[in-house]
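One structure is given here, and the rest of the page talks about it.
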Amino acid sequence: MRILKMGLLPLMCGFTLHASAQTRPDTLKISSLDAVIDAAVTSNPTQAVYLEQIKQARFDHKASGGFYYPQASANFNGTDNMSLAVTPVPGELFGQPGKTIDVKFGKHYVYNTGVTLSQSIFDWTSVMQAKIARDRIRLAELQQEAYVQTLKEEVARYYYTALIAKTALAINALDEKLGSSVVLLTGQRLQAGSADRIALNQAQINANSILQNKWQSQQLYDQSIENLKILLGKAPAAEVIMLDTLNMDSLVSADVTAVGADRSLEVYRQKADIAALQSKSQQSAAFPKISASAFFGNQQFRNDFGLSFSQDSWKSYSYIGLGITVPIFTGFSNTNKYKSQKAQQQVARLEFDNAQQQSLINDRLLLKNYSDYRQMVTASYASFKLYGENLKLNDQKYKEGVISLDVYQKVFQDYLAAENVYLNNLSLLLSTQSTLVSRK
């Protein structure tokens, strides 16, 4: 039988993705899974989002290290002392012994201008926050790598689905010819009186079933192509043409004994590491903080409202200070926050351990399923070919009048059932293979 031997190419070798110079510029001719994956990794719109998130994380890390450098600011302020403070002083100073006189010191208007400098000397919380920001860069990179793995799996799945649908359409085309020939022959026999109307109706029902399978396969092919457009970042009007075809001998001979690393696990690991740093950062809230500050500027004092810019009106004013802050009691806020972060650290560690264990189990099952599906496809493909040979022989017998239409219809239905089993098994195999491809 020649149903699946129509110049099929190997599935996993000799592939390219290109735009033909003789077609529209937005037409892609696909014959390579690797090339489609490369194009998706380069052009996928979500990839651009992840790259921007990595860029943002890098800027956040640079911003978190700002405490290492001195801070400088220029300032100007004015004060209107509407009611000056009163200071009692001995009356002897004013020639009035035995009395206490209330004296007001200061000026009603005071202006300050200058430059303030500050420098953090010891702030362990800021140090830990800078380390967390650094690790968030790696987290963003790992999330992008995990998405690439998911993207590869989705691309491979839609690629294989389109390939299966194309194979099904090729089979349906031959089935349609057989079904139409049976309808035509049965109609001729009805006119000759050697067949009844029931026989013709049954032949037409089978032909309609073939058409239904054809359009289901066409719908599956169209959906796969449109989803590939989305993953490739192509315009809705772009045309994607699948050039590749399946070679069953090449497909079922491929054996896989190992699965590549699951990149999503590294995301869990990095989150656990960040949670540990956040716990240390909260713990450092109980540590002392040391900082230095300085002011270099001038002051102007006036009794009347106004401001003079003459040099004699301003008096130099500068200072240097050292500050030490030691938390003594914060209402148990820091203590409870630290306990909360420790719990979060434990949650992140448990999530990583659970994900790692589940991944190992899933990988073992993945290899077993791949081996089982490969055997199922091999067996169902062999049965499908045998059913096809039987159909061809019975088709000849029916045309020669050796067998009745009922016998032929039973063989034809068995053939269609074998076709569906084969295509379903092939879909399961290639779906599993999509996961394996993403882990390379």
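The values are calculated or read from the model by the stated rules, or taken from the named source; none is laboratory data. These numbers were taken from a predicted model, which means no experiment stands behind them. Please note: Cβ atoms are built from the backbone with ideal geometry, for glycine as well, and neighbour counts cover all protein chains shown. SASA here: full protein model, heavy atoms, side chains in, ligands and nucleic acids out. Shrake-Rupley method; radii C 1.70, N 1.55, O 1.52, S 1.80 Å.
Scanning the stretch 249-304 for residues that are among the polar types (S, T, N, Q), surrounded by fewer than 18 Cβ atoms within 10 Å (Cβ to Cβ), in a strand (DSSP E or B) and in contact with a Leu (Cβ under 9 Å, 6 or more places away or on another chain) yields Ser291, Ser293.
Output the residues belonging to the stretch 375-419 that are open to solvent by 30 Å² or more (accessible area, probe 1.4 Å) and closer than 18 Å to Asp255 by Cα. Matches in the stretch 375-419: Gln375, Met376, Thr378, Ala379.
Within the stretch 30-48, residues that are without any contact (Cβ under 8 Å) to a residue 40 or more places away in the chain and closer than 15 Å to Arg157 by Cβ have Cβ atoms under 8 Å from residues that are crowded, with 20+ Cβ neighbours inside 10 Å and of a type in the set (Lys, Arg) in no pair, counting only partners at least 6 apart in sequence or on another chain. Contact annotation: no residue pair with Cβ atoms under 8 Å, 6 or more positions apart or on different chains, pairs a residue in the stretch 404-419 that is part of a helix (DSSP H, G or I) with a partner that is of a type in the set (Lys, Arg) and open to solvent by less than 10 Å² (accessible area, probe 1.4 Å).
Among the conditions (1) open to solvent by 50 Å² or more (accessible area, probe 1.4 Å); (2) assigned to a helix (DSSP H, G or I), the only one that Thr330 does not satisfy is (2).
Search the stretch 162-191 for residues being of a type in the set (Lys, Arg) and at pLDDT 90 or above, and hand back the single one that is surrounded by the fewest Cβ atoms within 10 Å (Cβ to Cβ).
Lys177
Residues in the stretch 357-373 that are of a type in the set (Asp, Glu) and farther than 18 Å from Lys440 by Cβ: Asp372 only. Taken over the stretch 42-52, the residue count meeting the criterion of being within 16 Å of Lys229 (Cβ to Cβ) and either assigned to a loop (DSSP other than H, G, I, E, B) or more than 11 Å from the chain's Cα centre (by Cα) (or both) is 3. May I ask you to say which residue of Asn354, Asn362, Asn369 is within 18 Å of Val437 (Cβ to Cβ) and open to solvent by 60 Å² or more (accessible area, probe 1.4 Å)? Every option except Asn362 fails the conditions. Considering only residues in the stretch 192-212 that are modelled with pLDDT of 90 or more and polar (S, T, N, Q), the one that is most open to solvent (accessible area, probe 1.4 Å) turns out to be Gln212.
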